[in-house]
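Worksheet for the structure shown next.
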Amino acid sequence: MTAEARAKGASEAMDALMRGDRLALSRLIALYGPGIRAFAAHQLGDASEAEDIAQEVFLRVWSEARRYDPARGAVSTWIWRIAANLCTDRRRRRAVRRFLGLEAVPEAALPDDAMPGAERIVAGREQMRQLGPALAALPDRQREALLMRTAGELATAEIAAAMGLSPGAVEQLLVRARAGLRRTMGEKDDD
Amino acid sequence: MTDPKRPRDPDPLADDAFDAALGARLRAGREDTATLSAAVLSRLAQDPRQTPPGRWLTPAPMAAGFAGLMTVAGVAGYLWVPLFGAGGEDAILAAALGGLVPGGF
(Lines give C-alpha, C1' and ligand atoms only; values in the text may rest on other atoms or scores of the structure.)
Protein backbone atom coordinates (compact mmCIF):
# COMPACT_ATOMS: atom_id res chain seq x y z
CA MET A 1 0.00 0.00 0.00
CA THR A 2 1.35 3.44 -0.90
CA ALA A 3 1.81 6.15 1.70
CA GLU A 4 -0.91 8.26 0.04
CA ALA A 5 -3.42 5.41 0.05
CA ARG A 6 -2.66 4.67 3.68
CA ALA A 7 -3.03 8.33 4.67
CA LYS A 8 -6.37 8.54 2.82
CA GLY A 9 -7.61 5.32 4.44
CA ALA A 10 -6.53 6.56 7.87
CA SER A 11 -8.23 9.90 7.39
CA GLU A 12 -11.51 8.24 6.36
CA ALA A 13 -11.29 5.79 9.27
CA MET A 14 -10.64 8.65 11.68
CA ASP A 15 -13.69 10.54 10.41
CA ALA A 16 -15.81 7.42 10.99
CA LEU A 17 -14.24 6.91 14.41
CA MET A 18 -15.14 10.45 15.46
CA ARG A 19 -18.75 9.59 14.58
CA GLY A 20 -18.55 6.60 16.95
CA ASP A 21 -17.98 3.81 14.42
CA ARG A 22 -16.05 1.12 16.29
CA LEU A 23 -15.29 -0.88 13.15
CA ALA A 24 -13.24 2.08 11.94
CA LEU A 25 -10.89 1.31 14.81
CA SER A 26 -10.20 -2.10 13.24
CA ARG A 27 -9.25 -0.33 10.01
CA LEU A 28 -6.77 1.86 11.86
CA ILE A 29 -5.40 -1.20 13.66
CA ALA A 30 -4.90 -2.93 10.31
CA LEU A 31 -3.02 0.12 9.02
CA TYR A 32 -0.80 0.89 11.99
CA GLY A 33 -1.01 -2.14 14.32
CA PRO A 34 1.90 -4.20 12.93
CA GLY A 35 4.26 -1.23 12.87
CA ILE A 36 3.33 -0.12 16.38
CA ARG A 37 3.73 -3.68 17.71
CA ALA A 38 7.22 -3.91 16.20
CA PHE A 39 8.10 -0.41 17.39
CA ALA A 40 6.99 -1.14 20.96
CA ALA A 41 8.67 -4.54 21.01
CA HIS A 42 12.05 -3.01 20.19
CA GLN A 43 11.58 0.09 22.31
CA LEU A 44 10.70 -2.05 25.33
CA GLY A 45 12.53 -5.29 24.48
CA ASP A 46 9.49 -7.34 25.46
CA ALA A 47 6.94 -8.81 23.03
CA SER A 48 4.12 -9.23 25.57
CA GLU A 49 4.54 -5.68 26.82
CA ALA A 50 4.49 -4.52 23.20
CA GLU A 51 1.11 -6.18 22.71
CA ASP A 52 -0.19 -4.40 25.80
CA ILE A 53 1.13 -1.06 24.55
CA ALA A 54 -0.42 -1.62 21.11
CA GLN A 55 -3.81 -2.26 22.73
CA GLU A 56 -3.43 0.83 24.90
CA VAL A 57 -2.55 2.98 21.88
CA PHE A 58 -5.78 2.07 20.09
CA LEU A 59 -7.89 2.36 23.23
CA ARG A 60 -6.44 5.86 23.61
CA VAL A 61 -7.22 6.58 19.94
CA TRP A 62 -10.83 5.58 20.59
CA SER A 63 -11.24 7.50 23.84
CA GLU A 64 -9.58 10.67 22.54
CA ALA A 65 -10.77 10.60 18.93
CA ARG A 66 -12.79 13.78 19.44
CA ARG A 67 -9.65 15.64 20.45
CA TYR A 68 -7.89 14.84 17.16
CA ASP A 69 -7.47 17.97 15.05
CA PRO A 70 -6.61 17.33 11.37
CA ALA A 71 -5.22 20.86 11.11
CA ARG A 72 -2.48 19.99 13.61
CA GLY A 73 -1.17 16.92 11.80
CA ALA A 74 -1.85 13.70 9.97
CA VAL A 75 -3.58 10.76 11.64
CA SER A 76 -0.34 8.76 11.47
CA THR A 77 1.52 11.51 13.33
CA TRP A 78 -1.10 11.61 16.08
CA ILE A 79 -1.20 7.84 16.54
CA TRP A 80 2.57 7.46 16.47
CA ARG A 81 3.01 10.26 18.98
CA ILE A 82 0.64 8.38 21.33
CA ALA A 83 2.66 5.20 20.79
CA ALA A 84 6.00 6.93 21.38
CA ASN A 85 4.73 8.65 24.54
CA LEU A 86 3.30 5.42 25.95
CA CYS A 87 6.58 3.60 25.30
CA THR A 88 8.55 6.41 26.94
CA ASP A 89 6.25 6.36 30.00
CA ARG A 90 6.52 2.58 30.24
CA ARG A 91 10.32 2.66 29.96
CA ARG A 92 10.56 5.29 32.71
CA ARG A 93 8.27 3.39 35.04
CA ARG A 94 10.14 0.18 34.33
CA ALA A 95 13.49 1.87 35.02
CA VAL A 96 12.19 2.94 38.43
CA ARG A 97 10.86 -0.57 39.14
CA ARG A 98 14.19 -2.10 38.13
CA PHE A 99 16.06 0.41 40.27
CA LEU A 100 13.90 -0.65 43.21
CA GLY A 101 14.46 -4.31 42.35
CA LEU A 102 10.77 -4.92 41.62
CA GLU A 103 11.29 -6.08 38.03
CA ALA A 104 13.75 -8.43 36.29
CA VAL A 105 15.41 -7.71 32.93
CA PRO A 106 13.24 -9.34 30.19
CA GLU A 107 14.41 -11.59 27.38
CA ALA A 108 14.93 -10.07 23.93
CA ALA A 109 11.82 -9.32 21.87
CA LEU A 110 11.01 -12.22 19.58
CA PRO A 111 8.45 -12.53 16.81
CA ASP A 112 5.31 -14.55 17.42
CA ASP A 113 5.40 -18.27 16.82
CA ALA A 114 2.44 -17.86 14.46
CA MET A 115 4.73 -17.87 11.39
CA PRO A 116 4.09 -20.87 9.15
CA GLY A 117 6.91 -23.38 8.94
CA ALA A 118 9.41 -24.42 11.58
CA GLU A 119 12.41 -23.26 9.53
CA ARG A 120 10.95 -19.81 9.12
CA ILE A 121 10.35 -19.57 12.85
CA VAL A 122 13.92 -20.59 13.61
CA ALA A 123 15.31 -18.21 10.96
CA GLY A 124 13.16 -15.35 12.25
CA ARG A 125 14.23 -15.96 15.83
CA GLU A 126 17.90 -16.09 14.84
CA GLN A 127 17.61 -12.82 12.92
CA MET A 128 15.86 -11.14 15.82
CA ARG A 129 18.45 -12.44 18.28
CA GLN A 130 21.11 -10.56 16.33
CA LEU A 131 19.00 -7.53 15.54
CA GLY A 132 17.44 -7.01 18.97
CA PRO A 133 20.68 -6.26 20.87
CA ALA A 134 22.00 -4.17 17.95
CA LEU A 135 18.88 -1.98 18.05
CA ALA A 136 18.94 -1.85 21.84
CA ALA A 137 22.52 -0.54 21.69
CA LEU A 138 21.45 2.55 19.73
CA PRO A 139 20.75 5.80 21.62
CA ASP A 140 17.03 6.17 22.43
CA ARG A 141 16.23 8.96 19.94
CA GLN A 142 18.11 7.25 17.10
CA ARG A 143 16.30 3.96 17.75
CA GLU A 144 12.94 5.72 17.97
CA ALA A 145 13.45 7.49 14.64
CA LEU A 146 14.78 4.37 12.90
CA LEU A 147 11.90 2.21 14.17
CA MET A 148 9.33 4.76 13.02
CA ARG A 149 10.95 4.78 9.58
CA THR A 150 11.39 1.01 9.22
CA ALA A 151 8.67 -0.63 11.30
CA GLY A 152 6.16 2.18 10.82
CA GLU A 153 7.13 3.12 7.24
CA LEU A 154 6.77 6.80 8.14
CA ALA A 155 8.18 9.59 5.97
CA THR A 156 10.77 11.95 7.45
CA ALA A 157 8.20 14.74 7.88
CA GLU A 158 5.84 12.38 9.75
CA ILE A 159 8.63 11.23 12.07
CA ALA A 160 9.62 14.85 12.66
CA ALA A 161 6.05 15.77 13.60
CA ALA A 162 5.65 12.73 15.87
CA MET A 163 8.97 13.36 17.66
CA GLY A 164 8.66 17.15 17.75
CA LEU A 165 11.90 17.67 15.78
CA SER A 166 12.84 19.31 12.50
CA PRO A 167 13.08 17.08 9.40
CA GLY A 168 16.81 17.83 9.25
CA ALA A 169 17.32 16.62 12.81
CA VAL A 170 15.41 13.42 12.00
CA GLU A 171 17.60 12.79 8.94
CA GLN A 172 20.67 13.19 11.15
CA LEU A 173 19.26 10.69 13.64
CA LEU A 174 18.48 8.24 10.83
CA VAL A 175 21.95 8.51 9.27
CA ARG A 176 23.60 7.89 12.65
CA ALA A 177 21.22 5.07 13.53
CA ARG A 178 21.81 3.25 10.25
CA ALA A 179 25.57 3.68 10.60
CA GLY A 180 25.49 2.40 14.17
CA LEU A 181 23.35 -0.57 13.28
CA ARG A 182 25.48 -1.48 10.24
CA ARG A 183 28.59 -1.26 12.38
CA THR A 184 27.18 -3.43 15.16
CA MET A 185 25.72 -6.03 12.80
CA GLY A 186 28.98 -6.05 10.81
CA GLU A 187 30.96 -6.74 13.98
CA LYS A 188 28.60 -9.61 14.81
CA ASP A 189 29.05 -11.08 11.33
CA ASP A 190 32.85 -10.91 11.76
CA ASP A 191 32.67 -12.95 15.00
CA MET B 1 37.71 13.02 -11.91
CA THR B 2 36.69 12.22 -8.35
CA ASP B 3 39.08 12.04 -5.48
CA PRO B 4 39.17 8.41 -4.23
CA LYS B 5 40.10 9.59 -0.70
CA ARG B 6 37.03 11.79 -0.41
CA PRO B 7 34.23 10.02 1.49
CA ARG B 8 31.33 9.18 -0.79
CA ASP B 9 27.97 10.78 -0.23
CA PRO B 10 25.47 8.35 1.29
CA ASP B 11 23.48 6.56 -1.37
CA PRO B 12 19.77 7.25 -0.72
CA LEU B 13 18.74 4.12 -2.60
CA ALA B 14 20.97 2.02 -0.37
CA ASP B 15 19.35 3.63 2.67
CA ASP B 16 15.87 2.94 1.30
CA ALA B 17 16.78 -0.69 0.63
CA PHE B 18 18.28 -0.96 4.11
CA ASP B 19 15.13 0.51 5.69
CA ALA B 20 12.84 -1.77 3.67
CA ALA B 21 14.83 -4.89 4.59
CA LEU B 22 14.97 -3.91 8.25
CA GLY B 23 11.26 -3.07 8.30
CA ALA B 24 10.39 -6.45 6.80
CA ARG B 25 12.43 -8.19 9.49
CA LEU B 26 10.93 -6.14 12.29
CA ARG B 27 7.34 -6.70 11.19
CA ALA B 28 7.77 -10.43 10.49
CA GLY B 29 5.31 -12.37 12.62
CA ARG B 30 3.45 -9.22 13.64
CA GLU B 31 1.35 -8.67 10.48
CA ASP B 32 -1.75 -10.40 11.82
CA THR B 33 -3.90 -7.68 13.34
CA ALA B 34 -7.02 -9.81 13.92
CA THR B 35 -6.00 -10.74 17.48
CA LEU B 36 -5.02 -7.17 18.32
CA SER B 37 -8.27 -5.86 16.88
CA ALA B 38 -10.32 -8.46 18.78
CA ALA B 39 -8.51 -7.67 22.04
CA VAL B 40 -9.06 -3.91 21.67
CA LEU B 41 -12.73 -4.25 20.71
CA SER B 42 -13.26 -6.71 23.56
CA ARG B 43 -11.80 -4.23 26.07
CA LEU B 44 -13.97 -1.50 24.59
CA ALA B 45 -17.04 -3.71 24.94
CA GLN B 46 -16.30 -4.15 28.66
CA ASP B 47 -16.16 -0.41 29.31
CA PRO B 48 -16.08 2.00 26.37
CA ARG B 49 -15.21 4.97 28.56
CA GLN B 50 -12.37 3.28 30.40
CA THR B 51 -9.16 5.09 31.05
CA PRO B 52 -6.09 2.91 31.54
CA PRO B 53 -5.24 3.19 35.27
CA GLY B 54 -1.54 3.42 34.50
CA ARG B 55 -2.22 6.76 32.85
CA TRP B 56 -2.81 8.36 36.25
CA LEU B 57 0.30 6.82 37.82
CA THR B 58 2.72 8.99 35.85
CA PRO B 59 4.63 11.75 37.69
CA ALA B 60 2.62 14.75 36.44
CA PRO B 61 -0.88 13.54 37.49
CA MET B 62 0.53 12.26 40.80
CA ALA B 63 2.17 15.65 41.51
CA ALA B 64 -1.09 17.41 40.59
CA GLY B 65 -2.99 15.11 42.95
CA PHE B 66 -0.54 15.80 45.78
CA ALA B 67 -0.73 19.56 45.21
CA GLY B 68 -4.54 19.33 45.20
CA LEU B 69 -4.60 17.45 48.50
CA MET B 70 -2.22 19.98 50.10
CA THR B 71 -4.45 22.83 48.96
CA VAL B 72 -7.56 21.12 50.33
CA ALA B 73 -5.77 20.48 53.65
CA GLY B 74 -4.64 24.13 53.87
CA VAL B 75 -8.11 25.49 53.15
CA ALA B 76 -9.69 23.05 55.62
CA GLY B 77 -7.19 24.19 58.26
CA TYR B 78 -8.09 27.86 57.81
CA LEU B 79 -11.80 27.00 57.95
CA TRP B 80 -11.36 24.78 61.02
CA VAL B 81 -9.52 27.26 63.31
CA PRO B 82 -12.32 29.91 63.53
CA LEU B 83 -14.72 27.21 64.73
CA PHE B 84 -12.86 27.27 68.07
CA GLY B 85 -12.80 31.09 68.21
CA ALA B 86 -9.80 32.89 69.64
CA GLY B 87 -9.23 30.04 72.10
CA GLY B 88 -8.57 27.67 69.22
CA GLU B 89 -5.81 29.90 67.89
CA ASP B 90 -4.32 30.21 71.36
CA ALA B 91 -4.32 26.44 71.73
CA ILE B 92 -2.50 26.02 68.42
CA LEU B 93 0.04 28.72 69.40
CA ALA B 94 0.57 27.10 72.79
CA ALA B 95 1.09 23.71 71.16
CA ALA B 96 3.58 25.21 68.70
CA LEU B 97 5.51 26.99 71.50
CA GLY B 98 5.36 23.86 73.61
CA GLY B 99 7.24 22.01 70.94
CA LEU B 100 10.12 24.48 71.25
CA VAL B 101 10.49 24.12 75.03
CA PRO B 102 12.79 21.28 76.22
CA GLY B 103 10.54 18.55 77.50
CA GLY B 104 7.47 20.27 76.03
CA PHE B 105 4.22 20.91 77.87
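The table below gives the values:
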{"read-out": "Conditions (1) open to solvent by 40 Å² or more (accessible area, probe 1.4 Å); (2) modelled with pLDDT under 85; (3) within 20 Å of the chain's Cα centre (by Cα); (4) of a type outside the set (S, T, Y); number of the one not met by A:N85", "value": "(2)"}
{"read-out": "Positions within the range A:49-72 being within 14 Å of the chain's Cα centre (by Cα) and either open to solvent by 10 Å² or more (accessible area, probe 1.4 Å) or more than 8 Å from chain B (Cβ to nearest Cβ) (or both), in sequence order", "value": "A:E49, A:A50, A:E51, A:D52, A:I53, A:Q55, A:E56, A:V57"}
{"read-out": "Any hit, the range A:29-41, residues being open to solvent by 50 Å² or more (accessible area, probe 1.4 Å) and of a type outside the set (A, V, I, L, M, F, W, C)", "value": "no"}
{"read-out": "Near pairs, Cβ below 7 angstrom, 6+ apart or cross-chain, from the range B:38-50 (facing chain A (nearest Cβ under 7 Å) and modelled with pLDDT under 90) to any residue that is in a loop (DSSP other than H, G, I, E, B) and open to solvent by 60 Å² or more (accessible area, probe 1.4 Å)", "value": "B:L41/A:R22; B:L44/A:R22"}
{"read-out": "Search result, residues across the range A:1-20 that are open to solvent by 20 Å² or more (accessible area, probe 1.4 Å) and out of contact with any Lys or Arg (no Cβ under 9 Å at 6 or more places or on another chain)", "value": "A:M1, A:T2, A:A3, A:E4, A:A5, A:R6, A:A7, A:K8, A:S11, A:D15, A:R19, A:G20"}
{"read-out": "Selection count, the range A:141-167, where residues are part of a helix (DSSP H, G or I), open to solvent by less than 20 Å² (accessible area, probe 1.4 Å) and either at pLDDT below 90 or small (G, A, S) (or both)", "value": "3"}
{"read-out": "Residue match in the range B:96-105 (condition: open to solvent by less than 60 Å² (accessible area, probe 1.4 Å), within 11 Å of another protein chain (Cβ to nearest Cβ) and at pLDDT 75 or above)", "value": "no"}
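Here's the yes/no breakdown for (1) open to solvent by 80 Å² or more (accessible area, probe 1.4 Å); (2) touching a Phe, Trp or Tyr at 6+ places or on another chain (Cβ under 6 Å); (3) within 12 Å of chain B (Cβ to nearest Cβ); (4) modelled with pLDDT of 80 or more:
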residue	(1), (2), (3), (4)
A:A114	yes, no, yes, no
A:Q130	no, no, yes, no
A:P139	no, no, no, yes
A:E171	no, no, yes, yes
A:G180	no, no, no, yes
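The values are calculated or read from the model by the stated rules, or taken from the named source; none is laboratory data. Since this is a predicted model, take the numbers as computed values, not measurements. Note that each Cβ is placed from the backbone with ideal geometry, even for glycine, and that neighbours are counted across all protein chains shown. Just so you know, the surface numbers come from the protein's heavy atoms only, side chains and all, with ligands and any DNA or RNA stripped out. Shrake-Rupley method; radii C 1.70, N 1.55, O 1.52, S 1.80 Å.
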